[in-house]
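Engineer: Sharing a structure here in structure tokens format.
The values are calculated or read from the model by the stated rules, or taken from the named source; none is laboratory data. Computed from a predicted model, the values in this text were never measured in an experiment. Note that each Cβ is placed from the backbone with ideal geometry, even for glycine, and that neighbours are counted across all protein chains shown. Note: areas computed on protein heavy atoms with side chains; ligands, DNA, RNA excluded. Shrake-Rupley method; radii C 1.70, N 1.55, O 1.52, S 1.80 Å.
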Amino acid sequence: MKPPPFHYHAPRTEAEALALLAELAPAEGRILAGGQSLVPAMALRVARPLHLIDINGLPGLDRLDVGDGHLRIGPLVRHAMIRRESVPGPLGALLDKVRGHIAHLPIRTRGTVCGSLANADPASEWCLVVATLGGEMTARSLRGERAIAAEDFFQGFMATALEPDELLAGLRLPLLADGTRWGFHEFSRRAGDYAQAASLVVMEVRDGVVLAARIGIGAVEDRPRRLPEAEALLIGRAPTAELLRQAAATARATLLPTDDDPTRPALAEAMIRRALADAAGIALP
Amino acid sequence: MSTRRIALTVNGTRHEAEAPVRQHLGDFLRGTLGLTGTHLGCEHGVCGACTVLLDGRAIRACLVLAVQAEDRAVTTVEGLAPSPEALHPLQAAFCANHGLQCGFCTPGMLTTLEEFLRDCPDPTEEEVRVAISGNLCRCTGYDSIVAATMEAARAMREAAA
Ligand SMILES: Cc1cc2nc3c(=O)[nH]c(=O)nc-3n(C[C@H](O)[C@H](O)[C@H](O)COP(=O)(O)OP(=O)(O)OC[C@H]3O[C@@H](n4cnc5c(N)ncnc54)[C@H](O)[C@@H]3O)c2cc1C
Ligand code: FES
Ligand code: FES
């Protein structure tokens, strides 16, 4: 249970980190952020990078900025730094709730939001948030900088659009307007475990009818995504218990689970139904 | 492959030593510094036995490389008590409430709870259970650990008042 040998690099500037990444990515070089996925993977010998480029010593990467209707999360923002107080409006409450479902306190003090995205575990809560809300990632390398939309970023099981020489330099999430309603539910066997199914729902309701809705599912398919057929069902209608049940059933019918665990579709439907009910503010037995 | 010379503060004392870059902080504390109070169970982040404080925040010593603790302050279970004669209120409450049997999980429980009670000095039992949900104990069944924590929290609030 010890990591295999590797070379360790601790750059002091981002330019130095990008140069190292460009040089060493072809030689099995990888970024080390919080180390809460990579180090265990190395201990279990499922990852064997030859070079680790530790970004923890880089100044200014732990910034959480709000402006322009967006929240910007730097690459060294730890899970534990995402708190209701630091993000205005409904997005703050939403992220606060989601944070509590990620691992345990001593892992949240170290693991990073951007590390979760780069790792792209299909059950990652932050990946579900980004896929549902339409986050935008910034990738940076010696070749330049580019923005990657959520639909293009997640490419499959633990696969992203990041090139090996690219640093995930930040994430932008749109703030949610006051009055935006949301619900998040996940099922996991033990507190802090990766979810068996997770759903995030965001909804705008005006004059008793749904104006806009986003329904996201995680941990079921090879990547988190929105469920457009179920979303469409809600638009222009009153979010009654009956409609929400229908939407969750429709969602279930459109899922393509990656495994044949017979409980998965039912868990997914239950999480979607609960997230919908919380967003609509109604009790759904 | 390579090793590095690192300097760090552990329980208030400055140390300088060689560390192989692949060595995690838990092995460094135990093997190089002889501080065997920090226990290693799973070495992949799930059992919580190795939890120590890094600059005051609880972290997994098996998931941080020793070289990453360069110039930082580490507190292990050996550094919790205020003096060689006195116990930390959590340690005293664990003794009084049978909060441990074999003691394997105890260092991680104590360090995790130390940080938790600083953030949340007046917790509910439910909050304590969530706080230690990442610390596996195979002996006590948790009830006495929760009871000890509630008592320690009370004692610490009274001492602060
Ligand atoms: C016991 C346990 C339980 C956990 N439970 C959960 C859970 O319930 N939900 C959950 O979401 N996560 C969970 N995690 C994982 C945790 O959230 C990690 O922190 C996260 O997945 C990865 O972030 P990191 O900063 O630790 O990244 P690292 O481990 O440092 O890196 C992970 C991968 O991403 C790459 N990477 C990291 N940052 C960048 C960057 N800026 N640019 C380019 N590449 C980068 C690395 O090269 C590596 O391939 C758990 C971990 C443990 C040990
Ligand atoms: S030894 Fe570190 S969490 Fe188990
Ligand atoms: S006291 Fe034995 S594992 Fe907790």
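Engineer: What accessible area per residue, rounded to a whole number of Å², is obtained for the range A:7-54 using a probe radius of 1.4 Å? If you can, show how the numbers build up before the last one.
Structural biologist: On the way: 2050 Å² over 48 residues.
Heavy-atom SASA per residue in the range A:7-54 reads 43 Å².
Engineer: Next question, about the same structure. Using only the heavy atoms of the protein chains and a 1.4 Å probe, how would B:I59, A:I282 rank by accessible area, largest first?
Structural biologist: Order by accessible area, largest first: A:I282, B:I59.
Engineer: Pop the C-beta distance of A:E28 and A:L284 into the FRET formula with R0 = 41 Å and round what comes out to the nearest 0.05.
Structural biologist: The value I calculate is 0.25.
Engineer: Let me ask you something else. Pulled fully out, how much extra length does the chain show between A:A149 and A:D259, if you take 0.36 nm times their separation in residues and subtract their Cα-Cα distance? Mind dumping the intermediate values first?
Structural biologist: Values: separation 110, 0.36 × 110 = 39.60 nm, distance 2.69 nm.
Here the segment from A:A149 to A:D259 would lengthen by 36.9 nm.
Engineer: Next up: Can you compute the charge dipole magnitude of chain A about its Cα centre, using +1 on each Lys and Arg Cβ and -1 on each Asp and Glu Cβ, nothing else charged? Give it in debye, rounded to the nearest 20. Present the calculation step by step, with values, prior to reporting the outcome.
Structural biologist: Details: 32 positive and 34 negative charges, 138 e Å.
So the magnitude is around 660 debye.
Engineer: May I pose another question? Got the relative contact order for the range B:10-161 handy, in percent, Cα pairs under 8 Å and 6 or more residues apart? Provide the component values of the computation, followed by the final result.
Structural biologist: Details: 240 pairs, mean separation 37.5, N = 152.
Dividing the mean separation by the residue count of the range B:10-161 yields 25 percent.
Engineer: Considering only protein heavy atoms and a 1.4 Å probe, what is the carbon-and-sulfur percentage of the accessible area of the protein assembly as shown?
Structural biologist: On the way: 9640 of 18750 Å².
C and S atoms contribute 51 percent here.
Engineer: Now a separate question. From zero up to wherever the largest Cα-Cα distance of the range B:6-126 sits, split into 10 Å bins and tell me the percent of pairs in each.
Structural biologist: Answer for the range B:6-126: a P(r) of 14, 46, 32, 8, 0 percent.
Engineer: For chain A, what does the helix formula give at 222 nm: sum of -39500 (n - 2.57) over DSSP H segments with n ≥ 4, over the residue count, nearest 500 deg cm²/dmol?
Structural biologist: Values: 10 runs with 90 residues, N = 285.
Calculated at 222 nm, the ellipticity per residue is -9000 deg cm²/dmol.
Engineer: Modelling each spin label as a point 7 Å along the Cα-to-Cβ direction, I'd like the A:S188/A:E85 distance in nm, to one decimal.
Structural biologist: Placing both labels 7 Å beyond Cα along the Cβ direction yields 2.5 nm.
Engineer: Run the quick spin-label model on A:F157 and B:C95: label points 7 Å from Cα toward the beta carbon, then report their separation in nm to one decimal.
Structural biologist: Reported label-point gap for A:F157 and B:C95 is 5.2 nm.
Engineer: With heavy atoms of protein chains only and a 1.4 Å probe, what residues of the range A:103-134 have at least 10 Å² less accessible area in the full set of chains than alone?
Structural biologist: A:H104, A:L105, A:P106, A:I107, A:T109, A:R110
Engineer: List for the range B:61-87: residues with 50 Å² or greater reduction in accessible area, all protein chains versus chain alone, probe 1.4 Å?
Structural biologist: With the partner chains in place, the range B:61-87 has these residues losing at least 50 Å²: B:L63, B:L65, B:Q68.
Engineer: Continuing with the same structure: For the range A:86-152, how big is the tail of P(r) above 13 Å, as a whole percent of Cα pairs? Write down the numbers at each step before the final one.
Structural biologist: Details: 1545 of 2211 pairs.
Summing the P(r) tail past 13 Å for the range A:86-152 gives 70 percent.
Engineer: Which of the peptides B:121-128, A:263-270 is most tightly packed, and how do the rest follow, judged by the mean count of other Cβ atoms within 10 Å per residue? Don't skip to the end; give the middle numbers.
Structural biologist: Values: B:121-128: 13.8, A:263-270: 18.1.
Result, highest mean first: A:263-270, B:121-128.
Engineer: Which positions within the range B:1-35 get 50 Å² or more of their accessible surface covered by the other protein chains, compared to the chain by itself, with a 1.4 angstrom probe?
Structural biologist: When all protein chains are present, B:M1, B:R4, B:R22 each give up 50 Å² or more of accessible surface.
Engineer: Over the Cα atoms of the range A:183-280, what is the Rg over Rh ratio if Rh follows Kirkwood? Please report the intermediate quantities before stating the final value.
Structural biologist: Details: Rg = 12.9 Å, Rh = 13.3 Å.
Value, to two decimals: 0.97.
Engineer: Could you give the dipole magnitude of chain B about its Cα centre, charging the beta-carbon of Lys and Arg +1 and that of Asp and Glu -1, in debye to the nearest 20? Present the calculation step by step, with values, prior to reporting the outcome.
Structural biologist: Working: 13 positive and 19 negative charges, 91 e Å.
Dipole of chain B, to the nearest 20 debye: 440 debye.
Engineer: Say R0 is 35 Å: what FRET efficiency, to the nearest 0.05, do B:E16 and B:E125 get from their beta-carbon distance?
Structural biologist: On the way: r = 44 Å, r/R0 = 1.25.
E(calc), rounded to 0.05, equals 0.20.
Engineer: Still on this model: For the protein assembly as shown, build the charge dipole from Cβ charges (+1 Lys, Arg; -1 Asp, Glu) around the Cα centre, then report which of A:I53, A:L276, A:F187 sits farthest towards its positive end.
Structural biologist: Farthest towards the positive end: A:F187.
Engineer: Rg and Dmax of the protein assembly as shown over Cα atoms: what are they, in angstrom?
Structural biologist: 22.9, 70
Engineer: At R0 = 45 Å, how high is the FRET efficiency between A:D96 and B:E85 if r is their beta carbon distance? Nearest 0.05 is fine. Mind showing how you got there, number by number?
Structural biologist: Values: r = 42 Å, r/R0 = 0.93.
The formula returns an efficiency of 0.60 here.
Engineer: Calculate the spin-label point distance for A:D68 paired with B:E158, positioning each point 7 Å from the Cα along the beta-carbon direction, and give it in nanometres.
Structural biologist: Between B:E158 and A:D68, the simple spin-label model gives 5.6 nm.
Engineer: Report the accessible area of A:Y194, computed with a 1.4 Å probe over the heavy atoms of all protein chains in place, in Å² rounded to the nearest 10.
Structural biologist: Its accessible surface works out to 120 Å², give or take rounding.
Engineer: Rounded to a whole number, what is D in µm²/s for the range B:89-160 from Stokes-Einstein with the Kirkwood radius over alpha-carbon pairs (37 °C, 0.692 mPa s)? Before the final figure, lay out the partial values.
Structural biologist: Numbers: Rh = 11.8 Å.
The calculation lands on 279 µm²/s.
Engineer: How many Å² of accessible area per residue for the range B:89-160, probe 1.4 Å? Could the numbers behind the result be given before it?
Structural biologist: Working: 3370 Å² over 72 residues.
Dividing the accessible area of the range B:89-160 by its residue count gives 47 Å².
Engineer: At a probe radius of 1.4 Å, figure out the B/A buried accessible area, summed over both chains, and give it in Å² to the nearest 100. Intermediate results must be reported in sequence, preceding the final value.
Structural biologist: Details: alone 8190 and 13010 Å², together 18750 Å².
It comes to approximately 2500 Å² buried between B and A.
Engineer: Sort B:93-100, A:229-236 by packing, meaning the average of other beta carbons within 10 Å per residue, with the highest value first. It would help to have the intermediate numbers written out before the result.
Structural biologist: Numbers: B:93-100: 20.0, A:229-236: 17.1.
Result, highest mean first: B:93-100, A:229-236.
Engineer: Roughly how many debye, to the nearest 20, is the charge dipole of the range A:151-285 about its Cα centre, given +1 on each Lys and Arg Cβ, -1 on each Asp and Glu Cβ, and no other charges? Walk me through the numbers before you get to the answer.
Structural biologist: On the way: 15 positive and 20 negative charges, 124 e Å.
Its charge dipole is roughly 600 debye.
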